[in-house]
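The values are calculated or read from the model by the stated rules, or taken from the named source; none is laboratory data. The shown structure was predicted, so the numbers you read here are calculated from the model rather than taken from an experiment. When we count neighbours, we look across all protein chains shown, and the Cβ atoms used for this are built from the backbone with ideal geometry, even at glycine. Calculation scope for accessible area: heavy atoms of the full protein, side chains included, ligands and nucleic acids excluded. Shrake-Rupley method; radii C 1.70, N 1.55, O 1.52, S 1.80 Å.
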Amino acid sequence: MNNYSYLTPTGCGPSRGDCPEYPVDLIPRLKHLEAGPEALFLAWEITRLAGRHISPEKRRALVLLVLALQVASAGGSTRLPLSSGGQLERTLEDLETTADERAAMEELLGELQSGSPFPGLADLCGGPGDYRPLIIDRGCLYMQKLHVLEGRTGALLRERISGGSEGAAPGGAPAGEALDAAVERALLDVFSHPPVTASGKVELDEEQKRAVRAALRGRIAVISGRPGSGKTSIVASLLRVLARVGRPPLEAVALAAPTGKAADRMRQSIAGHLAAIPNPGAADRRLAEACPPALTLHRLLGYSPAADRFWHNENNPLAEQLIIVDESSMVDLAMMDRLLRALQPEARAVFLGDADQLPPVETGAVLRDLCRSGTAREKGRVVVLTKSYRAREEDPCGKKILDTAAAINEGRWPAGAGDLIAVRKEPAELRFEGVEHLAAATGEQAAAFFARWRELIHSGLPDLKARLAREYVLDAAGFDEETAGALRLLLAHYERCRLLCVTRVTAGGTGSEAANAWFHRQWCAEFKAAGGPAGDSYFQVGEPVLITRNDYNLRLFNGDAGLVLKVKAATETRQRAAEAMAVFPRGEGFVAFPLEALRGRLELAWAITVHKAQGSEYDHVAVLLPGIYVRPLTRELLYTAVTRARKSVTFVGSAEVLEAGVQLKIERDSGLADLLG
């Protein structure tokens with residue numbers, strides 16, 4: 001009799017001799033990991049396939065191994081290396097494995113890697129090409145589905161990277177060869193007629209010009225650069241060239257992004273770029289009037305929520321000949337697989353993003369792996385941008401933000417680095433300039449910081465309360481131009497500042513839920529004291545909100561940011577009483593929805609997680625650190641948070657926790673980079 005605690009699940013008993021007992025004693029070991037009881041159940045189900053040909057000790061070792069694989073997958077890795085040390089060793093430590101379990105695990109791994117496992121084990125574990133739940137390939141253990149996804153995505157990308165004349169550019173030039181004369185003339189015309197803003201000409205630098213040329217060659221181009229490096233200017237310039245040469249025509253071009261917010265920001269940035277061109281010619285005017293719309297990848301691929309499937313695939317490919325995808329660091333392995341399979345063989349794809357940012361929430365890190373591909377770099381498929389135009393180096397505050405981001409990206413916290421980071425002892429000392437660190441923020445001091453942050457939000461718009469107390473009229477045609485202008489000013493004001501949190505849950509009162517609860521209480525008390533308008537118990541007029549789930553019927557998408565305001569909806573027959581509605585930007589105008597219509601997919605956005613902030617930019621960013629170190633706090637998360645800011649970054653919390661986060665780098669194990677050379 002062994003010492004393991006088991007439970008026989010319902011449906012398994014004496015009549016089911018092939019059903020092993022369920023190891024319920026392993027459930028407590030999962031509490032600190034990115035896998036729950038459902039992972040244990042799947043591991044148990046897979047282990048059952050080994051039948052009675054395996055001893056209880058090896059069966060338990062197999063359950064632990066499959067659990068370790070699922071923990072790796074939950075962390076974004078596509079596979080689990082089986083070599084000693086590394087991720088397997090760390091995960092087994094997290095699973096609190098005993099010496100006996102380790103010994104059984106070593107024996108099991110020897111069997112798995114021998115090439116001739118015992119009967120039963122061969123039924124659940126195979127090699128490349130086998131149809132088994134588990135696959136061993138290149139010394140790593142995979143779930144079969146992820147092995148297929150990674151292999152297929154790698155093959156599709158490799159074909160595009162290495163493609164020849166069939167992937168010719170619109171000017172007829174394969175990668176690495178000169179573009180034809182018409183394209184060269186169009187490039188010269190576009191480069192010599194840049195947009196002009198209040199700060200001067202927005203001319204492309206040499207890196208950006210090289211990126212535009214890379215996007216005009218071959219069937220794939222990857223453009224990676226930190227936020228504010230001018231990736232949107234590259235896209236706009238590429239579209240201007242296509243408007244001149246017509247190969248492909250504008251109607252055969254698709255703009256896409258992983259989220260609705262990122263797609264809308266892409267559209268706005270391109271529209272702003274085109275509007276700033278002085279004395280535009282016929283091609284630029286035509287482009288401004290018929291610019292391809294920016295869609296989410298789900299909408300581009302025709303996702304049906306009811307059927308939970310995508311309309312476009314290899315059997316029903318997209319008609320577009322050029323697909324430009326922004327914020328590609330957020331695209332996971334499964335979505336990249338769907339997109340590549342939906343492209344026609346001769347179609348071209350351009351991926352833009354920042355490979356140093358947070359990887360996707362789901363499995364994979366495709367943009368990172370593409371940028372690491374030696375073959376892609378050698379063939380000129382990858383262009384890395386190094387200059388930032390968001391936080392400008394000429395501005396002392398901007399330079400501090402850039403230098404801090406660079407230091408974090410290198411794995412060092414620049415504490416004591418001259419005057420780079422100003423350490424503040426009290427919230428009252430904060431200036432919200434450059435980079436500051438408020439070292440302690442617990443209890444009363446945390447509340448004092450929140451109050452100081454509220455002061456910053458209220459500043460810059462002296463008549464804010466009057467604007468919030470106003471009733472905005474919405475008729476059948478939408479908001480009129482004057483009202484839209486007022487809404488534009490108000491929502492832009494709220495987008496100046498954002499408090500970013502590491503986690504959503506409490507995390508010692510530092511998660512976004514706890515921070516939002518504090519601001520909500522203060523806001524309700526202030527409006528009640530002033531006799532101001534009220535929304536409901538969850539959302540008050542004047543509170544920023546965020547969509548948390550896609551709604552294709554209302555055309556609202558995860559990450560869309562809005563504001564609760566009093567809206568008086570008027571129809572042709574009657575005018576309703578004003579009520580609290582959530583107002584969101586859409587195109588050049590705005591839309592409003594009753595709060596009840598969004599129940600369950602709307603949350604407060606005084607504070608949001610860093611993940612939710614991807615694709616956004618603000619003047620002022622504050623990063624609220626947890627009281628103790630938590631797993632999501634990594635170098636990539638801090639880098640992503642810092643690079644959201646234009647004017648100031650404020651770290652709030654322990655220096656020890658901050659330094660621990662800088663030291664920890666996300667290591668997603670993936671075979672895609674190997675497949676891409």
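Of note:
- Members of the range 638-664 that are among the charged types (D, E, K, R), touching a helix residue (DSSP H, G or I) at 6+ places or on another chain (Cβ under 6 Å) and either assigned to a strand (DSSP E or B) or modelled with pLDDT under 90 (or both): Lys647
- Just so you know, in the range 486-509 the residues that are of a type in the set (Gly, Ala, Ser) and open to solvent by 50 Å² or more (accessible area, probe 1.4 Å) include one that is nearest to the chain's Cα centre (by Cα), and it is Ala492.
One line per residue, one yes/no per condition, for (1) out of contact with any helix residue (DSSP H, G or I) (no Cβ under 6 Å at 6 or more places or on another chain); (2) farther than 26 Å from Arg59 by Cβ; (3) of a type in the set (Phe, Trp, Tyr); (4) part of a helix (DSSP H, G or I):
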| site | (1), (2), (3), (4) |
| --- | --- |
| Ala122 | yes, no, no, yes |
| Asp130 | yes, no, no, no |
| Ile135 | no, no, no, no |
| Leu141 | no, no, no, no |
| His147 | yes, no, no, yes |
| Gly154 | no, yes, no, yes |
| Arg158 | yes, yes, no, yes |
| Ile161 | no, yes, no, yes |
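- Where a residue in the range 129-152 is under 18 Å from Gly76 (Cα atoms) and without any contact (Cβ under 8 Å) to a residue 24 or more places away in the chain and its partner, wherever it lies, is among the small types (Gly, Ala, Ser) and open to solvent by less than 40 Å² (accessible area, probe 1.4 Å), with Cβ under 7 Å and at least six apart: Ile135/Gly126; Ile135/Gly127
- Among the residues of the range 200-218, those that are open to solvent by less than 10 Å² (accessible area, probe 1.4 Å) and either part of a loop (DSSP other than H, G, I, E, B) or among the hydroxyl-bearing types (Ser, Thr, Tyr) (or both) comprise Leu216, Gly218.
- Test: residue in the range 510-518 that is over 28 Å from Arg431 (Cβ atoms), among the polar types (S, T, N, Q) and either open to solvent by less than 20 Å² (accessible area, probe 1.4 Å) or in contact with a Cys (Cβ under 7 Å, 6 or more places away or on another chain) (or both): no
- Residue in the range 478-485 that is open to solvent by less than 20 Å² (accessible area, probe 1.4 Å), of a type in the set (Val, Ile, Thr), under 21 Å from Leu595 (Cα atoms) and more than 19 Å from the chain's Cα centre (by Cα) present: yes
Yes/no matrix, rows are residues, columns are (1) within 29 Å of Gly302 (Cα to Cα); (2) open to solvent by less than 30 Å² (accessible area, probe 1.4 Å):
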site	(1), (2)
Ile547	yes, yes
Phe557	yes, yes
Met581	no, yes
Gly589	yes, yes
Ala597	yes, no
Thr609	yes, yes
Gly627	no, no
Val630	no, no
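- The range 281-294, residues that are in contact (Cβ under 8 Å) with a residue 12 or more places away in the chain and more than 31 Å from the chain's Cα centre (by Cα): Gly281, Ala283, Asp284, Arg286
Residues are listed down the side, and each one gets a yes or a no for (1) touching a strand residue (DSSP E or B) at 6+ places or on another chain (Cβ under 7 Å); (2) in contact (Cβ under 8 Å) with a residue 60 or more places away in the chain; (3) not in a helix (DSSP H, G or I):
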| site | (1), (2), (3) |
| --- | --- |
| Ala68 | yes, no, no |
| Ser84 | no, no, yes |
| Glu107 | no, no, no |
| Gly110 | no, no, no |
